[in-house]
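Okay, structure first, notes after.
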Amino acid sequence: MRELIYVSEAKLRQLVPDLPKRPRGLRDVEAQVSTPVGGIKVGKPAREAEPGLAGAVAALEASPRAPRWFAEPGVRPGEWVHFEAPMAYGEVGGAVVFLDVDEATAEYPTGGRLRLLLHGSRHHLVGSLPAVRDMDDGWHQSMWVRFTQVLLKLTDPDRAGNPGDERFLGGVVAAMDRLADRLQPRFAAAWVAGYARVTAVLPEDERTILVATPLYVEHVAAPEA
């Protein structure tokens, strides 16, 4: 049984333009993806839960833009990646945000050195949101607007030559600190996996922040150490 958390219908229709409105018209498609920490299989169970997901994954895997492992060196904005990480999630200003654990473990060796932040619309949630620390929703909404503006500035082609602008990076880091304070990934993170399109790659002195918007996110078993 698959436990899907998030599936972007907009991205499904981009990848499978002739997606029928009813699942009966879909063919069974399976795709198997091997990762450094395990395997991700998308097939009939996912098709039954969310029409077109298996076909979208198969289309991506067969395309020149086939997803890379998110922790590979050289991942760039606009590319597709597949990921597997311990992450906590919740709603911030109308968006759904997933944030990974900020420390390395035997199961998650890139933790802390590579931060993974996923963002998407709450309307693409498959299930309900988890309970998170109660904070000022108005503050978080304005924070998310500012954070989005920071990302847009950092991914602007006119700024491509200066991606490490300290003022903008400082805004991202401050926003992530507040997100971590709300989501508490150290205590609330569960292992998830999925595919996402990279929004920004933000270098800091001792770590890199990888920001992406997901095609789908699902619960998976923790890898063996």
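The values are calculated or read from the model by the stated rules, or taken from the named source; none is laboratory data. Please read all numbers here as calculations on a predicted model, not as lab measurements. Cβ atoms come from the backbone with ideal geometry, glycine included; neighbour counts cover every protein chain shown. Ligands, DNA and RNA are stripped out before the accessible areas are found, and what is left, the full protein with its side chains, is counted by its heavy atoms. Shrake-Rupley method; radii C 1.70, N 1.55, O 1.52, S 1.80 Å.
Within the shell of other residues whose beta carbon sits under 12 angstrom from the beta carbon of residue 99, the net charge comes to 0, with Lys and Arg scored +1 and Asp and Glu -1.
Using a 1.4 Å probe, what is the accessible area per residue for the range 178-218, in Å²?
Values: 1500 Å² over 41 residues.
In whole numbers, the range 178-218 has 37 Å² accessible per residue.
Specify the inter-centroid distance of the range 209-225 and the range 68-113, based on alpha-carbon positions, in whole Å. What the calculation gives is 7 Å, centre to centre. The modelled label-to-label distance between residue 1 and residue 13, using points 7 Å beyond Cα along the C-beta direction, is 3.1 nm.
Multiplying the residue separation of residue 103 and residue 222 by 0.36 nm and removing their Cα-Cα distance gives an extension gain of 41.3 nm.
The listed peptides 90-102, 60-72, ordered by packing as a protection proxy, come out as 90-102, 60-72 (highest mean of other Cβ atoms within 10 Å first).
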